[in-house]
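Engineer: Pasting a structure below so you can have a look.
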């Protein structure tokens with residue numbers, strides 16, 4: 001294991017890993033997770049991020065988005081007293097740059113689900129079909145490994161109606177019928193259309209993958225929590241039909257918070273979790 005000590009301003013590890021964007025980190029004395037098939041342990045002491053991992057330093061900086069210009073981002077999204085208070089409260093919360101495959105499957109698992117159940121289902125899937133890394137820690141199963149399974153094999157993961165969706169997209173990727181990683185080179189709108197071709201992927205899941213895996217910061221995922229908090233603070237801005245309200249909220253957020261609205265979304269979501 002390598003030990004890295006990275007000095008960074010405007011970074012706060014706890015809200016970054018507890019805000020609901022990632023599902024395979026747990027905190028005891030320090031944070032422990034599995035990233036890119038490797039075990040990683042992280043803690044923060046003041047402005048110093050301390051990492052134990054065999055992952056290289058460049059990957060870690062990229063994963064935690066340590067090169068994001070947070071002052072520029074805060075200036076861009078700080079449009080009113082509410083978001084200003086959230087920036088002050090959770091300052092240093094950063095988006096994570098996740099692996100697209102793990103992110104996609106995780107958010108397919110998130111459909112009509114709680115964070116606790118999502119984490120448990122993903123943990124079981126990794127234990128059953130991933131590779132053992134260390135005692136109690138497993139890699140995320142590859143599309144190839146899942147594509148070989150039958151639906152009954154997935155029962156132990158307790159994914160319910162989500163299981164056939166996971167197996168279907170795993171098979172498509174394994175057989176080169178869907179270019180998931182190529183979405184990185186598409187525009188936000190093009191990437192969204194491509195992701196929504198996947199069974200079980202609607203606006204919200206597509207937007208989560210675009211934001212958390214592909215770094216499309218103009219993405220503003222709207223689920224029940226975000227819909228409620230946006231109605232609470234900006235409800236007078238939405239006049240359309242109920243069926244189109246979430247799209248209206250997302251469009252408003254893109255115009256109101258600007259090119260970094262994905263960051264505003266996560267600060268709003270963190271407040272709702274609290």
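The values are calculated or read from the model by the stated rules, or taken from the named source; none is laboratory data. Not measured: the values here are computed from a predicted model. No Cβ is skipped: glycine too gets one built from the backbone with ideal geometry, and neighbour counts run over all protein chains shown.
Engineer: Regarding residue 5, is this residue out of contact with any helix residue (DSSP H, G or I) (no Cβ under 8 Å at 6 or more places or on another chain), exposed (fewer than 14 other Cβ atoms within 10 Å of the Cβ), modelled with pLDDT under 95 and more than 28 Å from residue 194 (Cα to Cα)?
Structural biologist: On the way: out of contact with any helix residue (DSSP H, G or I) (no Cβ under 8 Å at 6 or more places or on another chain): yes; exposed (fewer than 14 other Cβ atoms within 10 Å of the Cβ): yes; modelled with pLDDT under 95: no; more than 28 Å from residue 194 (Cα to Cα): yes.
Against the criterion (out of contact with any helix residue (DSSP H, G or I) (no Cβ under 8 Å at 6 or more places or on another chain), exposed (fewer than 14 other Cβ atoms within 10 Å of the Cβ), modelled with pLDDT under 95 and more than 28 Å from residue 194 (Cα to Cα)), residue 5 does not qualify.
Engineer: May I ask you to list pairs of residues, at least six apart or on different chains, whose Cβ atoms are under 8 Å apart, with the first in the stretch 134-162 being over 30 Å from residue 54 (Cβ atoms) and not assigned by TED's automatic domain parsing to the domain that holds residue 53 and the second being modelled with pLDDT of 90 or more and outside any helix (DSSP H, G or I)?
Structural biologist: Pairs that qualify, where the first residue is over 30 Å from residue 54 (Cβ atoms) and not assigned by TED's automatic domain parsing to the domain that holds residue 53 and the partner is modelled with pLDDT of 90 or more and outside any helix (DSSP H, G or I), are 162/200.
Engineer: In addition: Restricting the search to the stretch 19-28, which residues are touching a strand residue (DSSP E or B) at 6+ places or on another chain (Cβ under 8 Å) and surrounded by 16 or more Cβ atoms within 10 Å (Cβ to Cβ)?
Structural biologist: Within the stretch 19-28, the subset touching a strand residue (DSSP E or B) at 6+ places or on another chain (Cβ under 8 Å) is 22, 24-26.
Within the stretch 19-28, 22, 24, 25 qualify.
Engineer: While we're on this one: If I filter the stretch 122-134 for residues that are touching a strand residue (DSSP E or B) at 6+ places or on another chain (Cβ under 7 Å) and in a helix (DSSP H, G or I), do I get at least one hit?
Structural biologist: Let us first name the residues in the stretch 122-134 that are touching a strand residue (DSSP E or B) at 6+ places or on another chain (Cβ under 7 Å), namely 126-127, 130-134.
Subset that is in a helix (DSSP H, G or I): 126-127.
Looking through the stretch 122-134, at least one residue is touching a strand residue (DSSP E or B) at 6+ places or on another chain (Cβ under 7 Å) and in a helix (DSSP H, G or I).
Engineer: Let me confirm something: among 220, 238, which residue is out of contact with any strand residue (DSSP E or B) (no Cβ under 9 Å at 6 or more places or on another chain), outside the structural domain of residue 21 (by TED's automatic domain parsing), touching a residue at least 12 places away in the same chain (Cβ under 8 Å) and surrounded by fewer than 22 Cβ atoms within 10 Å (Cβ to Cβ)? Explain how you work it out, then say what you get.
Structural biologist: Numbers: 220 fails: surrounded by fewer than 22 Cβ atoms within 10 Å (Cβ to Cβ).
Result of the check over 220, 238: 238.
Engineer: Quick one: count up the residues across the stretch 176-190 that are without any contact (Cβ under 8 Å) to a residue 60 or more places away in the chain and within 20 Å of residue 125 (Cβ to Cβ).
Structural biologist: Of all residues in the stretch 176-190, those without any contact (Cβ under 8 Å) to a residue 60 or more places away in the chain come to 176-179, 182, 185-190.
Retained after the next criterion (residues that are within 20 Å of residue 125 (Cβ to Cβ)): 178.
The qualifying residues number 1.
Engineer: Could you tell me whether any residue of the stretch 208-217 is out of contact with any strand residue (DSSP E or B) (no Cβ under 8 Å at 6 or more places or on another chain), part of a helix (DSSP H, G or I), surrounded by 17 or more Cβ atoms within 10 Å (Cβ to Cβ) and at pLDDT below 95? Can you show your working first?
Structural biologist: Step one: filter the stretch 208-217 for residues out of contact with any strand residue (DSSP E or B) (no Cβ under 8 Å at 6 or more places or on another chain), giving 208-217.
Next cut, part of a helix (DSSP H, G or I) only: 208-212.
After this cut, where a residue has to be surrounded by 17 or more Cβ atoms within 10 Å (Cβ to Cβ) as well, the list is 208-212.
Then drop every residue that is not at pLDDT below 95, which leaves none.
Looking for residues that are out of contact with any strand residue (DSSP E or B) (no Cβ under 8 Å at 6 or more places or on another chain), part of a helix (DSSP H, G or I), surrounded by 17 or more Cβ atoms within 10 Å (Cβ to Cβ) and at pLDDT below 95, one finds none in the stretch 208-217, hence no.
Engineer: Could you run through the stretch 92-107 and say how many residues are assigned to a helix (DSSP H, G or I) and surrounded by fewer than 21 Cβ atoms within 10 Å (Cβ to Cβ)? Give the derivation first.
Structural biologist: Residues of the stretch 92-107 that are assigned to a helix (DSSP H, G or I), as a first pass: 100-107.
Checking which are surrounded by fewer than 21 Cβ atoms within 10 Å (Cβ to Cβ) leaves us with 100-101.
Residues flagged as assigned to a helix (DSSP H, G or I) and surrounded by fewer than 21 Cβ atoms within 10 Å (Cβ to Cβ) within the stretch 92-107 amount to 2.
Engineer: Please find, among 189, 194, 155, the residue that is in contact with a helix residue (DSSP H, G or I) (Cβ under 8 Å, 6 or more places away or on another chain), assigned to a helix (DSSP H, G or I) and within 30 Å of residue 255 (Cα to Cα).
Structural biologist: Just a single option satisfies the conditions, and that option is 194.
Engineer: Residues that are in the same structural domain as residue 234 (by TED's automatic domain parsing): find the helices (runs of 4 or more DSSP H) completely inside the stretch 1-87 holding 1 or more of those. Lay out the reasoning, then the answer.
Structural biologist: Working: elements: 13-18, 57-63, 70-77.
The qualifying helices (runs of 4 or more DSSP H) are 70-77.
Engineer: Given the criterion more than 28 Å from residue 66 (Cβ to Cβ) and assigned by TED's automatic domain parsing to the domain that holds residue 112, identify the matching residue among 248, 189, 231. Working first, answer last.
Structural biologist: On the way: 248 fails: assigned by TED's automatic domain parsing to the domain that holds residue 112; 231 fails: assigned by TED's automatic domain parsing to the domain that holds residue 112.
The unique qualifying residue is 189.
Engineer: Still on this structure: Restricted to the stretch 158-186, and to residues that are at pLDDT 95 or above and outside any helix (DSSP H, G or I), which residue is surrounded by the fewest Cβ atoms within 10 Å (Cβ to Cβ)?
Structural biologist: 176
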